[in-house]
Amino acid sequence: MLKRVGGEIDPEGAVITIGEADFPVPFPTGLEFNSPAHGNWNIVHTGMLMPEAIQIYVCADNCMRGVVLTAAEMNAAERFSFVIVEEENLLNGNLEDVTIEGVTDVLKKLEKKPKAVLLFTVCLHHFLGCDLELVYGELEARFPEIVFVRCYMDPIMQKHGATPDQKLRKAMYDPLTAGYIDKKTVTLVGSDFVLDKNSDIKRLLKKKGYTLREIPACRNWEEYQRLGEGEFFISCYPPAKYGAEMLAERLNRKHLYLPGSFDYGEIKEELRKLLQELQAGQENVLGIETISEELEAFCKQEITLCENAVGHAKAIIGDTSIVLDYLYHPRPLGLAVFLLKHGFHVTTVYLDSVSPEEKEVFDWLKIHHPDLELRATIQAKMRVLPRHTEEKVLAIGQKAAWFSGSSYFVNMVQGGGLWGFDGIRRTLELMTEAFLEEKAPEDLIIRKGWGCESCI
């Protein structure tokens, strides 16, 4: 049967109003499209945060292409090696030998041995039932001075349990040991970006005399090892929560999950948890009432500053249409709610699923803004649906910029280290700057790993 092609594309299945959308997956699954917006970090980018370490991938040519290009594009090829698995290795059933001898060959050729090796096994290791305990045991016996970090590039597993990204964010902290505990140190776990120096968390920690340690700030192996000294652990980026919980359980420490938010009340409660944990570790413990008074004063001042920032941004942006995406921040619907409640004209949110953390705001939007448009980013139709607009549109995020065709956009991913009340103010500042100055999306968004060095 022949089917006519060309003409207008029916957006059904790729575009829906939130009033008609189902939670947590608004769009049907099927053939997927990958847009040119590549600012999100992948496992190569994240793994490079571990200082004095190299990455070794053991996989077939087709799997290797993407990770090799990522390492080359971020000028980190000297910290990247690979072992090619060929068809005969599968037929002969000697994947263990191929992995052990391949990695051994790579390490013997290095003039300077790394402190750690992030060894990535792949789907083939699962399919063939490779004995990874044997593999790691032999490598650790051959190179006792090197720490082998168990990493996985197994996208076939991401629909079940932890994703490769979550597994990596856990594995990168596995070498840390339960040794000395610094009562004036807190460790932030699993983020790709250093928490902004003006973030509420850093300001409060500094005020209380605490040091915050983070893997993106580690310059060498010694600094990395000191991450384990934290009195307790914090995670802010949702994919980091799994690894942070596992680390806290293993080292018998407390873990606080303080995700970025655009809700004043939620930020206040997260800060309350932080202050209470800080006071719990001190000799002169303040009462709950004292903590509440301190928190109330802080939040009152911060909210006033946020509302002033809203007024300034609104005066400049006016009723200009705003589109935003999940790549800018893991809570895009929360950002949409904040902007809509403050009078901004948000028309579209680009996402493919809704986080369980956003169930409440999803329900609120269904009632109060049922016409808010949701657009997929990976649905196949998005490749050919129109990507231009006659009027000026402000885009928040790379995917929103590319799909809307706007050159007025906020170029940032994964929250960019912003957090809390200050994160809200900084978002409003970035929106204002983006509204007033055009950017070249065709140049910026094709670069992998926003914030990383890029040779493109």
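Database remark: amide H of Q379 closer than 5 angstrom to the amide H of F33 (H placed geometrically; neighbours at sequence offset of 5 or more, or on other chains; Pro and chain starts carry no H). Over the residues of the chain, the helix contribution to mean residue ellipticity at 222 nm works out to -12000 deg cm²/dmol, using -39500 (n - 2.57) for each DSSP H run of at least 4. The loop-placed GluC sites (Glu not before Pro) in segment 290-399, going by DSSP, that have at most 14 neighbouring Cβ atoms within 10 Å of their Cβ come out as E390, E391. Annotation for segment 179-225 versus segment 437-456: alpha-carbon center distance of 28 Å. Cross-link partners for K206 among the aspartates and glutamates, with Cα-Cα distance under 13 Å and sequence neighbours closer than 8 places in the same chain left out: D196. Evaluated with a Cβ-only charge set (Lys, Arg +1; Asp, Glu -1), the chain carries a dipole of roughly 680 debye about its Cα centre, given to the nearest 20. Amide H contacts for T185 (H built 1.01 Å from N in the peptide plane; partners 5 or more residues away or on another chain; cut-off under 5 Å): T211, E231. Looking at the chain, the DSSP beta bridges with both ends there are about 10 percent antiparallel.
Summarising the amide proton neighbourhood of F82: residues at separation of 5 or more, or on other chains, whose placed amide H is nearer than 5 Å comprise Y57.
Among the GluC sites (Glu not before Pro) within segment 123-189, those in coil by DSSP and having at most 15 neighbouring Cβ atoms inside 10 Å are E145. Of all aspartates and glutamates in the structure, those lying under 18 Å Cα to Cα from K439, and not within fewer than 8 positions of it along the same chain, are D325, E390, E391, E429.
For segment 1-78 and segment 340-390, what is the centre-to-centre distance using only Cα atoms, to the nearest Å? When both Cα centres are located, 19 Å separates them.
Give me the lysines in straight-line cross-link reach of K170: C-alpha distance below 25 Å, same-chain residues under 8 apart excluded. The reachable lysines, counting only those whose Cα sits under 25 Å from K170, are K113, K115, K159, K183, K184, K197, K202, K241, K254, K273, K448.
Remark on the chain: C123, C130, C151, C218, C236, C299, C306, C452, C455 stand apart, with no other cysteine beta carbon under 4.7 Å. Rounded to the nearest 20 debye, the dipole size of segment 181-293 about its Cα centre is 280 debye, using +1 on the Cβ of Lys and Arg and -1 on the Cβ of Asp and Glu. Of the DSSP H helices in the chain, those that are both long (alpha-carbon extent of 27 Å or more along the helix axis) and hydrophobic (Kyte-Doolittle mean at least -0.5) are 288-317. With neighbour counts taken as other beta-carbon atoms within 10 Å, the residues R375, R272, R169 rank, fewest first, as R272, R375, R169.
No lab work stands behind these numbers, since they all come straight from the coordinates. What you are looking at is a predicted structure, and each value in this text was computed from that prediction instead of being measured. No Cβ is skipped: glycine too gets one built from the backbone with ideal geometry, and neighbour counts run over all protein chains shown.
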